[in-house]
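Notes follow once the structure below has been shown.
The values are calculated or read from the model by the stated rules, or taken from the named source; none is laboratory data. From a predicted model like this one, the values you see are computed outputs, not experimental measurements. Cβ coordinates were reconstructed from backbone atoms using ideal geometry, including for glycine residues, and neighbour counts include every protein chain displayed.
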Ligand SMILES: [Zn+2]
Ligand SMILES: [Zn+2]
């Protein structure tokens, strides 16, 4: 699957993605609920592949569809009552441009690991319930001697089924925060707000990039990137954008 043909395929299906996103937005209502449900869907789709309920082609198609629909749903929720459909359409090039290039690379890596037998179909030796996302690994409050922690360390980067799940979450679930902010940004821009500010969490896990954006204070609207853009914490970024 190459990027150009994938972009042309998904572009033909745009209308379908928009209507599915609208349905999901009405169902989940808030960004955190969307994020939680997409987390569950990420687990379900990885388990379905592992347990031979779906074939590779279906996994691949489903991951592309869910990634796009999840991002669009987040934009829709961020726009609230201010013409959310139009905001989704406006966000489409950003959604496709941000998500598809890394997703296609990720799918290629996964396929190579399946072909090489690093990931084995039917292998249920690691319990998903024990899996710890890798961002928790550097939390000093976490007990490094626990079996779950050891399993997470041994899992490696996408080389086990639970680790693959951890990466799928970063396409389906965690990016919803940034796209929700993008939907809200389109609305604030329309409403004529002149300045924006990117406020970091200011806890011990806040990355240096987010601190730098935070330190810039109020800036002309449109001049600061959305959360997760321009920072090394990517989709895990939880900076707040304020407008005035
Ligand atoms: Zn950051
Ligand atoms: Zn941040």
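The table that follows gives values for the structure above.
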read-out: For residue 204: the one exception among (1) surrounded by 17 or more Cβ atoms within 10 Å (Cβ to Cβ); (2) within 15 Å of ligand 1 (Cβ to nearest atom); value: (1)
read-out: Count of the stretch 205-214 residues which are free of Cβ contacts under 8 Å to residues at least 40 places away in the same chain, more than 7 Å from ligand 2 (Cβ to nearest atom) and part of a loop (DSSP other than H, G, I, E, B); value: 0
read-out: Sole exception among (1) free of Cβ contacts under 8 Å to residues at least 12 places away in the same chain; (2) surrounded by 14 or more Cβ atoms within 10 Å (Cβ to Cβ) for residue 180, by number; value: (1)
read-out: Any pair with Cβ under 8 angstrom, 6 or more apart, that starts in the stretch 220-244 at a residue that is on the phi > 0 side of the Ramachandran plot and touching a residue at least 60 places away in the same chain (Cβ under 8 Å) and ends at one that is part of a loop (DSSP other than H, G, I, E, B) and near ligand 2 (Cβ under 10 Å from one of its atoms); value: 234/228
read-out: Any hit, the stretch 74-84, residues being surrounded by fewer than 14 Cβ atoms within 10 Å (Cβ to Cβ) and either out of contact with any helix residue (DSSP H, G or I) (no Cβ under 7 Å at 6 or more places or on another chain) or under 30 Å from residue 192 (Cα atoms) (or both); value: yes
read-out: Options 183, 222, 217: the member that is within 28 Å of residue 25 (Cα to Cα), assigned to a loop (DSSP other than H, G, I, E, B) and outside the structural domain of residue 24 (by TED's automatic domain parsing); value: 222
read-out: Hey, residue 189 outside the structural domain of residue 25 (by TED's automatic domain parsing), away from ligand 1 (no atom under 16 Å from the Cβ), at pLDDT 95 or above and out of contact with any strand residue (DSSP E or B) (no Cβ under 7 Å at 6 or more places or on another chain) or not; value: yes
read-out: Positions within the stretch 220-232 being out of contact with any strand residue (DSSP E or B) (no Cβ under 6 Å at 6 or more places or on another chain) and surrounded by 13 or more Cβ atoms within 10 Å (Cβ to Cβ), in sequence order; value: 225, 226, 227, 228, 229, 230, 231
read-out: Close pairs (6 angstrom Cβ cut-off, 6 or more residues apart or separate chains): in the same structural domain as residue 46 (by TED's automatic domain parsing) and in a loop (DSSP other than H, G, I, E, B) in the stretch 113-129, modelled with pLDDT under 85 and surrounded by 11 or more Cβ atoms within 10 Å (Cβ to Cβ) anywhere; value: 118/159; 126/160; 126/162
